[in-house]
Number of protein chains: 2
Amino acid sequence: MTSIYIAEDQEMLNSALSAILNLEDDFTIIGNATDGQTALREVISLKPDIAILDIEMPKMSGLEVAGELRLIKQDLKIIILTTFARKTYFESAVIAQVNAYLLKDSPTDKLVETIHKILDGQTIYDANLVSTILTSVKNPLTPQELKIMREFAQGKSTQEIADAVFLSNGTVRNYISSILSKTGTHSRIEALNVAQKNNWID
Amino acid sequence: MTSIYIAEDQEMLNSALSAILNLEDDFTIIGNATDGQTALREVISLKPDIAILDIEMPKMSGLEVAGELRLIKQDLKIIILTTFARKTYFESAVIAQVNAYLLKDSPTDKLVETIHKILDGQTIYDANLVSTILTSVKNPLTPQELKIMREFAQGKSTQEIADAVFLSNGTVRNYISSILSKTGTHSRIEALNVAQKNNWID
DNA sequence: TACTTTATATGACAAATGTCATTTTAATTT
DNA sequence: AAATTAAAATGACATTTGTCATATAAAGTA
C-alpha cells in the first residue's frame, strides 16, 4: 500500500484528487494541505511514500518544499503538479531532483500512471512540458536588464529605478534602451508584454 | 437519476470531477468538454439536467455558453465553476440566469451539495465570491477611460491610441492624465498595476 | 604588459508624456 | 430657445523617455 500526501491550494482539485486516488486500491491519501508550510511540516511527520506538490501555493512554493524535503528524505518520491510550463520552474524542479513533473493539463489517469512509474524507479517529465521548454524563445536579457525590467514593471520612473539599483539615470536609460531593442519594441509597456508572453519574468 | 455535463479546460480537474460525481449514486456524467464550443453543441444534443461550466475556456467562454443555453433551454440547470471572483464575470452570470456560481476554491463536497440544492430550486452564489464583490473597490474610470487604458495596456503610443479611438492626440493625453489622477499614479504602467490589482480590466 | 571585454557614465537631441488652463462643439436639461 | 453639462480639442509648458555616439574605469584574457 502506497501512502500519498497532497499539497494543492485549489480546494476543488485537492479534494477531487484525494477522492480519486483513494479509489485506487493500492493508494491511501494520508494527508492534505493548501499551503506549502503545512505541507512541509506534515510530510516530515507523516512520512508518506509520495508527496504531490502544486507549485503556486501560499506561504511557501511547492518547489521550495520539494527542495527542503529532498535534503531530509532521499527516499521520498516527489511529484510536482502545476498549471504552466515555465522554464525556471522546471529547472528548479530538476535541481530539487523531483521524481515527476506533471501539468494539470493532463487527465487523472496520467497521474495514476505516473505514480506507478515513479514507484518503479522511473523519472517522468510531462512530454508536453518538455516540448514547450525546448521550443520556448530564450530570454535574451542579461541579469542586469532583467533586474531593471522588474523595476519598471512596478511602474517606477527612470530616476526611481536609478536610486533603487544604484546606477545613474543615464545608465538606466541605456539599459532600458537595450531592453527595447532586444525585445524589438519602443516602449516599456510593449517590452513588458513581450516579456510576459515569453515568461521571462515571474 | 440526474445527468450532468462538465465543461472544464483543465483536464486534471475535468476528469477528477467526472470521477467524483459519478460516484454519487444519483448522478451520471453524460459528457465532457475542454472548450466552450464543443460544450455548447453537446449540451444541446445530450440534454443533461445540469451543465457545469468553467469560465475561461478556449474558443468560447463558459459565460457565453451559459447565455446561449439559457435562451434555448429554460429548464437546464447551469453551474458556473471558476477560479477568480471577478465582478464582471459575476454580473454576466447573473444576467445569463445561472443557477449557481461556485469558486474552485471550495471543496468538492460543496459542489455536490450545491447540485442538490439547485435541483431543489435554489440559486447558489458562493459566499466567498459575494463578499469579495461587495468589498471590492469600485472602478472610478469612465467607459471611455477604460477603453483608452485597454489600448495603452497593449503598449500603444498616444498617437496610436488616438488613431485607434478616433480622438486627437491631445484628447487622449487628457484622458490618460485623468486616469492617472483617478488612480493616484503618475505613469501608465503604475496605472495599469492599480487597475490590475483591482480587477478593473479583463 | 598590452589587448579586449564589460559595466557604467556623459552629453546631446528628438520625441513622447503628463499637466493645466482654456476653448469649441455637441448633447441634455430646464 | 436658453442654460447647463459633457465630450473633444488646443496650446503651452516642464519632464520624461528613448536613441546614439562617445568616454572612462574595471575586469578578464592573450
*Report yes if some residue within the stretch A:114-121 is more than 14 Å from chain B (Cβ to nearest Cβ), free of Cβ contacts under 8 Å to residues at least 40 places away in the same chain, among the small types (Gly, Ala, Ser) and farther than 23 Å from A:Glu190 by Cβ; otherwise report no.*
yes
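Would you confirm, using the coordinates I've provided, whether A:Ile148 is in the same structural domain as A:Ile50 (by TED's automatic domain parsing) and either open to solvent by less than 60 Å² (accessible area, probe 1.4 Å) or of a type in the set (Ser, Thr, Tyr) (or both)?
Criteria not met by A:Ile148.
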*asked:* So, in the stretch A:170-199, exactly how many residues are open to solvent by less than 30 Å² (accessible area, probe 1.4 Å) and more than 9 Å from DNA strand D (Cβ to nearest atom)?
replied: 3
*Looking only at the stretch B:122-131, count how many residues are open to solvent by 50 Å² or more (accessible area, probe 1.4 Å) and part of a loop (DSSP other than H, G, I, E, B).*
2
*Would you point out the residue of the stretch A:72-96, among those that are at pLDDT 95 or above and more than 30 Å from B:Met57 (Cβ to Cβ), that is most open to solvent (accessible area, probe 1.4 Å)?*
A:Lys77
*Just name the residue that is farthest from the other protein chains (Cβ to nearest Cβ) out of those in the stretch A:5-37 that are crowded, with 18+ Cβ neighbours inside 10 Å and charged (D, E, K, R).*
A:Glu8
*Looking at (1) over 23 Å from B:Ser15 (Cβ atoms); (2) in a strand (DSSP E or B), which is the only condition B:Glu68 fails?*
(2)
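In the stretch B:86-109, how many are touching a strand residue (DSSP E or B) at 6+ places or on another chain (Cβ under 7 Å) and either of a type in the set (A, V, I, L, M) or not in a loop (DSSP other than H, G, I, E, B) (or both)?
Applying the first criterion (touching a strand residue (DSSP E or B) at 6+ places or on another chain (Cβ under 7 Å)) to the stretch B:86-109 yields B:89-90, B:93, B:98-104.
Adding the requirement that they be either of a type in the set (A, V, I, L, M) or not in a loop (DSSP other than H, G, I, E, B) (or both) leaves B:89-90, B:93, B:98, B:100-103.
Number of matching residues: 8.
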*Qualifying positions in the stretch A:160-169 - open to solvent by less than 60 Å² (accessible area, probe 1.4 Å) and within 10 Å of DNA strand D (Cβ to nearest atom)*: A:Ile161, A:Ala162, A:Asn169
_Scope the stretch B:38-57; condition open to solvent by 10 Å² or more (accessible area, probe 1.4 Å) and either β-branched (Val, Ile, Thr) or more than 21 Å from B:Ala93 (Cα to Cα) (or both); matching residues_ = B:Thr38, B:Ile44, B:Ser45, B:Leu46
*Collect the residues in the stretch B:162-202 that are more than 10 Å from DNA strand C (Cβ to nearest atom), among the β-branched types (Val, Ile, Thr) and over 19 Å from A:Phe152 (Cα atoms), keeping them in residue-number order.*
B:Val165, B:Ile201
*Residues of the stretch B:126-149 that turn out to be away from every other protein chain (no Cβ under 12 Å) and either touching a residue at least 24 places away in the same chain (Cβ under 8 Å) or over 26 Å from B:Tyr101 (Cα atoms) (or both), as a count*: 15
*Hits in the stretch A:101-113 - residues which are more than 12 Å from chain B (Cβ to nearest Cβ) and either touching an Asp or Glu at 6+ places or on another chain (Cβ under 8 Å) or closer than 13 Å to A:Ala51 by Cα (or both)*: A:Tyr101
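The values are calculated or read from the model by the stated rules, or taken from the named source; none is laboratory data. Only a predicted model underlies this, so the values are computations on that prediction, with no experimental measurement involved. With ideal geometry, Cβ positions are generated from the backbone for all residues, glycine too; neighbour counts draw on all protein chains shown. In case anyone asks, the SASA skips ligands and DNA or RNA and just uses the protein heavy atoms, side chains included. Shrake-Rupley method; radii C 1.70, N 1.55, O 1.52, S 1.80 Å.
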